[in-house]
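For reference, the structure is listed below as structure tokens.
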Amino acid sequence: MHVCKHTIIRITALSLTLVVHATSVHANDDDELAKLQAQLNAEVLSKPFLAEKPEEVDAYIKSMLEQNIKPQEYQGTYWRPGYTCRDLLRYSWQEYRNCRYYYRYYGHYYF
């Protein structure tokens, strides 16, 4: 089979065009992924980070016990059956701390 020079050049040019196009599409996908990742990062960083702060919780519990103050029943809106104090931490550090005190005082979680 005889293939002329012009056909080879056209095939080569077409192949290069496809490679450039595929690279461009891949780069656009990477750009889109980078934008989505940046958006996700911004959302995560915009929310407060609530650490457990065990030393502060222990100091609070010790202070409340020394003052002989009974913990209050749960007043918030986040508590669900099956939760532990740690589940409250995603919503409120104070509720987490109060839950830890309640648990320490009564030996069980909220009802």
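The values are calculated or read from the model by the stated rules, or taken from the named source; none is laboratory data. All values derive from a computational prediction rather than experimental measurement. Ideal geometry is used to build each Cβ from the backbone, glycine not excepted, and the neighbour counts take in all protein chains shown. Surface accessibility is based on the protein's heavy atoms, side chains included, excluding ligands, DNA and RNA. Shrake-Rupley method; radii C 1.70, N 1.55, O 1.52, S 1.80 Å.
What's the local net charge at residue 37, with K and R +1, D and E -1, over the other residues with C-beta under 14 Å away? The partial results should precede the final answer.
On the way: positive: 35; negative: 29, 30, 31, 32, 43.
Overall, the nearby charge balance is -4.
Panel note: the C-alpha atoms of the range 29-111, placed on their principal axes, show extents of 60, 27, 17 Å (largest first). Heavy-atom accessible surface of the range 23-104, averaged per residue, reaches 76 Å², computed with a 1.4 Å probe.
For residue 40, the accessible area of its heavy atoms, probed at 1.4 Å with every protein chain present, is near 90 square angstrom.
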